[in-house]
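The values are calculated or read from the model by the stated rules, or taken from the named source; none is laboratory data. Remember, it's a predicted structure, so these values are computed and weren't measured experimentally. Neighbour counts run over all protein chains shown; Cβ positions are idealised from the backbone, glycine included.
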Amino acid sequence: MINSLCFDIDDLAYGLNVKTGACLPQQYLVEKETYALLELLEACSIKSTMFVPGYVAQRFPDLVREMSRSGHEIGSHGNTHMVAERLQREGFREDILISKKMLEDILSMEVYVYKAPEWGITNRTPWAYDELISAGYRVDNTARPALLKYLGRSPDDMTPFIYKDSLTVIPVTSRRFLGRDVPFNGGLFSAYIPIDIQINYYRQLNNKGVAFNYYCHPFESHPQGTNRQTWRYGTIRAALYGIHFGRYRDYIEQLAKHFKFAPLGTAYQEYFPSL
């Protein structure tokens with residue numbers, strides 16, 4: 001069964017500065033980290049979906065072109081890496097339009113896949129899906145269990161569906177834990193779960209005919225475990241990211257031995273041939 005491997009092409013220092021309101025970093029490591037990621041994926045014979053924020057595309061357009069030339073699907077990750085609730089509706093509309101146009105100008109091709117920064121489409125911002133449709137996006141990979149429940153779907157149903165006859169929603173892979181459905185799809189969610197446990201669960205999903213989608217960031221897979229003294233940002237989350245830097249390189253290699261991966265549009269096309 002074909003599953004999907006995705007990457008949020010974020011610069012950690014930028015993201016943490018935006019979150020805390022500090023000045024933007026003078027040095028961006030995302031370019032070096034992403035080129036290393038491309039080498040890893042080539043060695044594993046994996047094609048993926050790469051969600052690129054506008055601030056990265058603007059600074060490193062050649063990197064975006066190289067990702068596409070290497071056979072990876074390019075999706076939008078917004079422009080400023082801010083959640084919809086912080087941007088509010090008008091700001092969100094501008095953010096997703098800027099990102100889409102920037103990526104399409106760089107690639108000379110349509111970009112129709114979206115994933116919200118910080119999973120930032122929630123039951124407090126349901127209008128965000130309407131804005132995605134209006135902006136011309138056709139696929140979203142943001143919906144976690146809580147958002148699925150708000151939309152009237154079972155939070156443990158990972159089957160893609162069509163929102164308002166226009167937007168294909170590919171739910172985030174999840175797992176029931178202590179009576180709740182929680183994301184179980186890489187990143188910080190799975191960083192401290194032994195990879196054998198992850199593989200066993202994903203194999204169970206595939207045996208039931210359910211594809212899974214898995215993600216991480218370039219800074220989580222960089223072979224040097226690039227730790228930028230994240231403790232200085234004063235958050236537990238930043239410290240946890242610092243501890244597991246580099247771990248996903250091994251995770252990806254292990255997953256590649258057990259599963260087949262493709263971009264979202266390929267992995268889920270049996271549900272929606274129009275993708």
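If you check TYR137, TYR192 for being within 20 Å of ALA256 (Cα to Cα) and either in contact with a Gly (Cβ under 6 Å, 6 or more places away or on another chain) or among the hydroxyl-bearing types (Ser, Thr, Tyr) (or both), only one passes: TYR192.
Scanning the range 128-156 for residues that are of a type outside the set (S, T, N, Q), out of contact with any strand residue (DSSP E or B) (no Cβ under 8 Å at 6 or more places or on another chain) and in contact (Cβ under 8 Å) with a residue 40 or more places away in the chain gives ALA128, GLU131, ALA135. Of the numbered criteria (1) farther than 21 Å from LYS115 by Cβ; (2) modelled with pLDDT under 95; (3) of a type in the set (Asp, Glu), the one GLU31 fails is (1).
The set of residues in the range 112-170 being of a type in the set (Val, Ile, Thr) and under 17 Å from PHE272 (Cα atoms) consists of VAL113, ILE133, VAL139, THR159, ILE162, THR168, VAL169, ILE170.
Rundown of residues vs (1) crowded, with 16+ Cβ neighbours inside 10 Å; (2) assigned to a helix (DSSP H, G or I); (3) in contact with a helix residue (DSSP H, G or I) (Cβ under 9 Å, 6 or more places away or on another chain), yes/no style:
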position	(1), (2), (3)
GLU39	no, yes, no
MET50	yes, no, yes
GLU66	no, yes, yes
SER99	yes, yes, yes
MET109	no, no, yes
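Conditions tested, residue by residue: (1) outside any loop (DSSP other than H, G, I, E, B); (2) over 21 Å from the mean Cα position of the chain (by Cα); (3) at pLDDT 95 or above.
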{"site": "LEU188", "(1), (2), (3)": "yes, no, no"}
{"site": "ASN200", "(1), (2), (3)": "yes, yes, yes"}
{"site": "VAL210", "(1), (2), (3)": "no, no, yes"}
{"site": "TYR215", "(1), (2), (3)": "yes, no, yes"}
{"site": "PHE219", "(1), (2), (3)": "yes, no, no"}
{"site": "PRO223", "(1), (2), (3)": "no, no, no"}
{"site": "TRP231", "(1), (2), (3)": "yes, yes, no"}
{"site": "ALA238", "(1), (2), (3)": "yes, no, no"}
{"site": "GLY242", "(1), (2), (3)": "yes, no, no"}
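If we scan the range 25-47, do we find a residue that is in contact with a Gly (Cβ under 6 Å, 6 or more places away or on another chain), at positive phi and not aromatic (Phe, Trp, Tyr)? Checking the range 25-47: not a single residue is in contact with a Gly (Cβ under 6 Å, 6 or more places away or on another chain), at positive phi and not aromatic (Phe, Trp, Tyr).
Each row is one residue, and each column tells you yes or no for (1) at positive phi; (2) under 18 Å from the mean Cα position of the chain (by Cα).
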residue	(1), (2)
GLU94	no, no
ILE98	no, no
ASP105	no, no
GLU110	no, no
GLU118	yes, yes
PRO126	no, no
LEU132	no, yes
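Applying the condition of being in contact with a Ser or Thr (Cβ under 9 Å, 6 or more places away or on another chain) and touching a residue at least 40 places away in the same chain (Cβ under 8 Å) to the range 184-204 and asking which residue is surrounded by the most Cβ atoms within 10 Å (Cβ to Cβ) yields GLY186.
Return the residues of the range 163-181 that are over 24 Å from LYS101 (Cα atoms), assigned to a strand (DSSP E or B) and touching a strand residue (DSSP E or B) at 6+ places or on another chain (Cβ under 6 Å); say none if nothing qualifies. Result: SER174, ASP181. In this structure, does THR159 turn out to be of a type in the set (Ser, Thr, Tyr), touching a residue at least 40 places away in the same chain (Cβ under 8 Å) and surrounded by fewer than 19 Cβ atoms within 10 Å (Cβ to Cβ)? Yes. I need a count of the residues in the range 124-141 that are crowded, with 16+ Cβ neighbours inside 10 Å and either among the charged types (D, E, K, R) or under 20 Å from PHE177 (Cα atoms) (or both). Number of matching residues: 3.
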